[in-house]
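Structure first, commentary second.
The values are calculated or read from the model by the stated rules, or taken from the named source; none is laboratory data. Not measured: the values here are computed from a predicted model. Cβ placement follows ideal geometry from the backbone for every residue including glycine, while neighbour counts extend to all protein chains displayed. Remember, those area values only see protein heavy atoms, side chains included, never the ligands or the DNA or RNA. Shrake-Rupley method; radii C 1.70, N 1.55, O 1.52, S 1.80 Å.
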Amino acid sequence: MGGDLAGVPKGETRYIAYSDLLKLPQESYTVSDDANFVGTVKISGVALEKLPALLGASEGASMVIAVCDDDYDAHYTAAYFKAHHPLLVLRVNGMPPAHWPLGADGFAMGPYMVSHPRFVPAFHVLAHADEAQVPWGVVRLEFRKEDEVYAAIAPHGVHEQDEAVQQGYRIASQNCFRCHSNAAEGGTKSPKTWQTLAEKAANDPHFFDAYVRAPKTLNPKSQMAASPQYDERTMAALRAYFTTFTETH
């Protein structure tokens, strides 16, 4: 654990044992719509939204960031908690992580993962629908203040309040922020920073659009998820947002 923990110096890490997590209030659900699982499973664990209070997060540090072993970050906000009630999974079909079934992609999903009782998109922005944040391989939880985290990727400049810019911001804050970082915030699974994305959006919009929609066609080794559903208005909103981070805007 890390982030804003009461009585813990900034930047330090604390640990909690699996056995101690099992002593916290547990919830159980039967899940059939999590793409990580093959078929229907029963999951049990601790409600993610309760962990800041249970584990000693500082006042106001109610955001939870689940950090994976490949440096993918999933960000859980107050709005996400209210809509989806994600669960830090401790058991699958009654079994601990060492005996979990392999994920749909064939990989072991421990030591921890996050799932939901049931996921229904809570919002749509242009062609982007609210996406389930269901990371596996979770190794760390960060407790943070939402406004401080998102300040790193808030649009700026004379166009920051434009409708398209705000739409792009909403999409990027859920989608791109999981693997791309700026000002020490966000995932670092991809070595391409926010500024790199911004420069590409501003200076090579055709490449930017093509890569977002179908990354493997341009880079067969890419691990980025494709977004072929993003239409021109959606891509224009993303470009407008990212361009606020360039000097030429």
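Computed values, structure above
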| quantity | calculated |
| --- | --- |
| Amide H contacts under 5 Å for L90, placed H, 5+ residues apart | S44, G45, V46 |
| Between segment 218-240 and segment 72-102, the Cα center-to-center distance that results, in Å | 27 |
| Per-residue SASA entry for W136, accessible area with 1.4 Å probe, Å² rounded to 10 | 70 |
| Listed residue pairs exceeding 24 Å between alpha carbons, taken from K189/K221; K82/K189; K50/K145; K10/K145 | K82/K189 |
| Equivalent ellipsoid, the chain (semi-axes from 5 times Cα gyration tensor eigenvalues, Å) | 32, 21, 16 |
| Per-residue HN-Hα couplings for segment 21-38 [Karplus 6.51, -1.76, 1.60; θ = phi - 60°; Hz; x = Gly/Pro] | 5, 5, 7, 7, x, 9, 10, 10, 9, 9, 10, 10, 10, 8, 5, 6, 9, 9 |
| Listed residues L126, L90, L218, most fluctuating in the chain (Gaussian network, C-alpha, under 10 Å) | L218 |
| From phi via Karplus (6.51, -1.76, 1.60), per-residue ³J(HN,Hα) for segment 182-188 in Hz, x at Gly/Pro | 8, 6, 6, 10, x, x, 10 |
| Exposed GluC sites (Glu not before Pro) absent: longest stretch of the chain, with sites in DSSP loops and at most 15 other Cβ within 10 Å deemed exposed | 161-246 |
| Highest-fluctuation residue, G45, G157, G187 considered, GNM on the chain with Cα pairs under 10 Å | G157 |
| Segment 1-97 - percent relative contact order, Cα under 8 Å, separation 6 or more | 27 |
| Convex hull volume per residue for segment 30-90, taking Cα atoms only, in Å³ | 109 |
| Cleavage-rule hits, chymotrypsin sites (Phe, Trp or Tyr not before Pro), segment 41-125, DSSP coil, Cβ neighbours within 10 Å at most 12 | F107, F123 |
| The chain: relative contact order as a whole-number percent, Cα under 8 Å and 6+ apart | 18 |
| Cut-off under 5 Å, modelled amide H: who pairs with Q26 long-range | none |
| By accessible area with a 1.4 Å probe, ligands and nucleic acids excluded, highest first: order of L102, L5 | L102, L5 |
| For segment 120-137, 3J(HN,Hα) per residue [Karplus equation, 6.51 cos²θ - 1.76 cosθ + 1.60, θ = phi - 60°, Hz, x = Gly/Pro] | 10, x, 8, 7, 10, 10, 6, 8, 9, 9, 2, 10, 5, 9, 10, x, 10, x |
| Whole-number accessible area per residue in Å² for the chain, which is evaluated in the context of all protein chains at 1.4 Å | 49 |
